[in-house]
1. Which is basic (Lys, Arg), free of Cβ contacts under 8 Å to residues at least 60 places away in the same chain and in contact with a Leu (Cβ under 6 Å, 6 or more places away or on another chain), of Arg133, Arg111, Arg123, Arg85?
2. Being more than 14 Å from ligand 2 (Cβ to nearest atom), surrounded by 18 or more Cβ atoms within 10 Å (Cβ to Cβ) and at pLDDT 90 or above is the filter here; which residues of the stretch 170-192 pass it?
3. Which of the residues belonging to the stretch 99-139 are polar (S, T, N, Q) and either open to solvent by less than 30 Å² (accessible area, probe 1.4 Å) or at pLDDT below 95 (or both)?
4. Can you name the condition, by its number, that Leu39 falls short on among (1) over 30 Å from Pro148 (Cβ atoms); (2) free of Cβ contacts under 8 Å to residues at least 40 places away in the same chain; (3) crowded, with 20+ Cβ neighbours inside 10 Å; (4) away from ligand 1 (no atom under 16 Å from the Cβ)?
5. Residue check: is Leu62 within 26 Å of Ala138 (Cβ to Cβ) and either among the aliphatic types (A, V, I, L, M) or free of Cβ contacts under 8 Å to residues at least 24 places away in the same chain (or both)?
6. Just to check your reading of the model, which residue among Arg78, Arg60 is open to solvent by 30 Å² or more (accessible area, probe 1.4 Å) and away from ligand 2 (no atom under 14 Å from the Cβ)?
7. Tell me whether the stretch 78-98 contains one or more residues that are assigned to a helix (DSSP H, G or I) and in contact with an Asp or Glu (Cβ under 9 Å, 6 or more places away or on another chain).
8. I'd like to check something: does the stretch 49-56 contain any residue that is acidic (Asp, Glu), modelled with pLDDT under 95 and under 17 Å from the mean Cα position of the chain (by Cα)?
Amino acid sequence: MPPRRRRDPAVTSAPGLVVRGLRKTYGAHTAVDDVSFTLAPGSSLGIVGESGSGKTTTVRMLVGLERADAGTVTLDGRDRSARPRGRSERLARAREIQMVFQDPYLSLDPRVTVGGCVDEVLRLHFRLAPAARRARVAELLDQVGLGPREAAALPRALSGGQRQRVAIARALAAEPRVLVLDEAVAALDVSIQAQILELLTRIRREAGVGYLFVTHDLGVVRHVTDDLVVLHHGRIAESGPTSRVLTTPEHPYTRLLLDSVPRRGWDPARIAQQRAAASG
Ligand code: ADP
Ligand code: MG
């Protein structure tokens with residue numbers, strides 16, 4: 001008989017994505033330390049913080065690209081912390097949380113057409129007849145504003161914004177419960193950023209998928225997240241409803257982040273001084 005797995009007391013049956021006490025160290029460096037948050041089904045949570053604050057490491061542990069040293073992750077009550085038992089469990093976990101990366105130029109296979117790239121995901125996760133798959137590919141691309149011409153093209157024929165649309169369609173093809181967007185609009189022009197954010201807002205309404213919105217850019221989270229987690233040196237400095245955190249930040253580090261957003265009357269020298277004082 002296989003040994004019974006010890007049930008972690010932090011494992012919960014609560015719906016949504018529940019993260020408790022996540023921790024990751026690299027040698028002597030603690031990249032993520034005691035990070036906990038909950039993403040309710042279909043809601044949107046922003047993870048913000050400066051470069052190096054542990055955002056990517058956190059989400060890599062959630063999707064299973066990195067093993068946590070401590071902590072638990074459950075999705076709708078299913079434990080994702082323990083090693084998956086076999087291929088079908090690994091596939092099921094991969095399907096449930098999909099990720100869109102920052103660089104739309106690196107995340108697509110240059111030899112596969114846009115339609116083919118979405119089709120690969122359908123073949124991996126679902127048993128569909130070829131005609132049904134073709135129809136689904138067209139539907140998914142349409143959802144992100146791409147047509148038959150783009151479907152037949154190779155990624156190099158597309159702009160950065162179009163490629164990011166493909167990456168989103170591909171992620172949605174898996175019908176995930178959660179979409180993780182790690183700096184997904186950071187590489188795009190401001191006007192294209194706005195289009196993609198609008199697209200994501202519409203998709204969340206239509207598909208009911210939850211978002212984990214990882215960004216160093218507070219302007220981005222303002223409109224697309226319900227709640228915020230502010231990371232500082234791998235720990236949560238502050239968390240709460242986005243509007244509250246952005247209007248009345250409680251933690252000095254959050255205030256510093258907000259003051260760092262360039263705007264009228266913005267004084268980079270003063271920010272640098274405050275920053276030096278905060279990290280001293
Ligand atoms: P962010 O996404 O907020 O910019 P990261 O999660 O990428 O931050 O990194 C957090 C910290 O962990 C940084 O100090 C980074 O140098 C370190 N780090 C990340 N990945 C590794 C790794 N594979 N090996 C060693 N250190 C790492
Ligand atoms: Mg990162």
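The values are calculated or read from the model by the stated rules, or taken from the named source; none is laboratory data. Just so you know, these numbers come straight off a predicted model, no measurement behind them. When we count neighbours, we look across all protein chains shown, and the Cβ atoms used for this are built from the backbone with ideal geometry, even at glycine. Areas reflect the complete protein model, heavy atoms only, side chains present, ligands, DNA and RNA absent. Shrake-Rupley method; radii C 1.70, N 1.55, O 1.52, S 1.80 Å.
1. After ruling out the rest, the residue left standing is Arg133.
2. Within the stretch 170-192, Arg170, Ala171, Leu172, Ala173, Ala174, Pro176, Arg177, Val178, Leu179 meet the criteria.
3. Residues satisfying the conditions are Gln102, Ser107.
4. (2)
5. Here the answer is no, as Leu62 does not meet what is asked.
6. Arg78
7. There is at least one residue in the stretch 78-98 that is assigned to a helix (DSSP H, G or I) and in contact with an Asp or Glu (Cβ under 9 Å, 6 or more places away or on another chain).
8. yes
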